[in-house]
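See below for the structure under consideration.
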Amino acid sequence: MQKKIENIINLIKEKGIKMVDFKMVDINGQYRHVTIPAENFSEDTMKSGIGFDASNYGYAVVEKSDMVFIPDPDTAVIDPFCSIPTLSMTGNAMIIDNPQNRPLAQYPRNIVLAAEKYMADCGVADTMLVLPEFEFYLFDQVGWNVSPDNISASVDAKQSYWNSDISGDGVIVPKQKNYHIAKPFDVTYECRSEMCMHMADAGIEINYHHPEVAASGQFEIEPQLGKMSTMADATMWIKYIIRNTALKYGKTATFMPKPIYGEAGSGMHVHMLLLKDGKPVFSDDNGYANLSETAHYFMGGLLKHISSLCALTNPSTNSFKRLIPGFEAPVTVGYATSNRSAVIRIPAYAKAPEKRRFELRNPDATCNPYFCFAAILMAGLDGVKNKIDPHANGWGPYDFNLFHLSDEEKAKLQGLPTSLDEALDALEADHDYLTAGGVFPEELIKNFIKSKRAELAEMAKIPTPAEFEKYYNL
């Protein structure tokens, strides 16, 4: 640690850093931050940390809410969006105690680290690699109003089909025809390329970026596989880069799962695999889709707990407006190879033993990534521990398009929750797999459910424009 602290101090001097920014994470997975002048940064800053009030971050703690944030030097990166040279770090929250501070168990980063330790203690694996796919929209304009006399929202993307009669250059993308479309229709290419360069500068390696299906400005950036706790940090930084780079180009970025009615929604599909002593745990040449028995049990755990998982992987009311048939979004509890209609998809292109994996397709980027990734791991480990066979439980494999089944056949399938309320009910009833090993504190789950139920109650009181269309003249 001493060597790392010295490296940070030397970096500040070499790069002419004027400010040091500490980025913390609240219960909803949003950055908060505190900044100090670089001349005030010292070895004591790294050891004693920065004080903050955890109650303002959404954490309901029995102890006093005064906490201390301890920066992690491994996360240090120069912030490309600050005109004043600024070094940014994230880290962990600690409870002030005697004789020694102890980790705040509810803090998201501590939870993901606890989940990794639990995995190692179980002996199943020592490393989980994840790859979250980031789908998002880039708009030229967005506005909304929720007041007694005006309830409205509007967005615009200049290349969208709805601008065909006013566009002066004719660069218009037809509805649902944006997938991999090239210039001149791909009007945000440079913006996304710059996003990827900022990610590379932060040590986040990128596989590719491209236009997604929705013609109204939907895109995707996919990073490479990384260690779960590292990728949780990277997810926060990726979202930060996407939003800030978009603003530089006069755009606004959103990870809302369903910002436009009738267009494709944005998910955050999570690919995953396990390693033990550097060797793949999920690979088996003789298994279905070349996946091992452990991989199938892991999938079984995910499918068994998928309803309660949705409360953490899809924690917004808008999330469930995406999880509907017809838009390549998963709606069926099951697994299959190369089939986007099942909640677990096994990519056929991942042929090398060290790359064999599957993806969970229901998550979206409104989640707290630390909670999301840790919960996925805990559900999978529960499946391994209890040998939950997805095939024996009737969850597949579904090697056919589930959207093409008859209504009678579809009725036999188990579906995902259709609302946040339903997912919270499931989490309330099914969360022992999360609290195993003390990874997710019981008080955090209760507080999370309470907070989300209050959010639901607030949303339920607000009329929508669609209700005016439906009921105004009845």
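Since every read-out is calculated from the coordinates, none of them should be taken as a lab result. None of the values given here were measured: they were computed from a predicted structure. Neighbour counts run over all protein chains shown; Cβ positions are idealised from the backbone, glycine included.
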Would you list Glu467, Glu428 from fewest to most Cβ contacts within 10 Å? Glu467, Glu428
With θ set to phi - 60° and the Karplus curve 6.51 cos²θ - 1.76 cosθ + 1.60, what are the ³J(HN,Hα) couplings of segment 329-334 in order, to the nearest whole Hz, using x for Gly and Pro? 8, x, 10, 10, 6, x
Most exposed first by the Cβ proxy, i.e. fewest other Cβ within 10 Å, how do Leu275, Leu303 rank? Leu275, Leu303
Rounded, prolate or oblate for segment 227-280? Axes are the square roots of the Cα gyration tensor eigenvalues, ordered a ≥ b ≥ c, and the cut-off for rounded is a/c under 1.5. oblate
Over segment 134-266, what is the percentage of antiparallel beta bridges among all DSSP beta bridges, to the nearest 5? 95 percent
State the Cα centre-to-centre distance between segment 296-337 and segment 74-118 in whole Å. 29 Å
Decide, for segment 2-104, between rounded, prolate and oblate: order the square roots of the alpha carbon gyration tensor eigenvalues as a ≥ b ≥ c, take rounded if a/c falls under 1.5, and otherwise choose prolate if a/b is larger than b/c, else oblate. oblate
Footprinting exposure proxy for His198, His210, His296 (fewest neighbouring C-beta atoms within 10 Å first): His210, His198, His296
Surrounding net charge for Leu360, when Lys and Arg each add one and Asp and Glu each subtract one, Cβ distance under 12 Å: 0
Two decimals is fine: what's Rg over Rh for segment 134-266, C-alpha atoms, Kirkwood radius as Rh? 1.00
Dividing the helical contributions, -39500 (n - 2.57) per DSSP H run of n ≥ 4, by the residues of the chain yields a 222 nm value, nearest 500 deg cm²/dmol, of -10000 deg cm²/dmol
Apply the a/c threshold of 1.5 to the C-alpha gyration tensor of the chain and tell me whether it is rounded, prolate or oblate. rounded
Relative contact order (%) - segment 134-266, alpha-carbon pairs under 8 angstrom, separation at least six: 31 percent
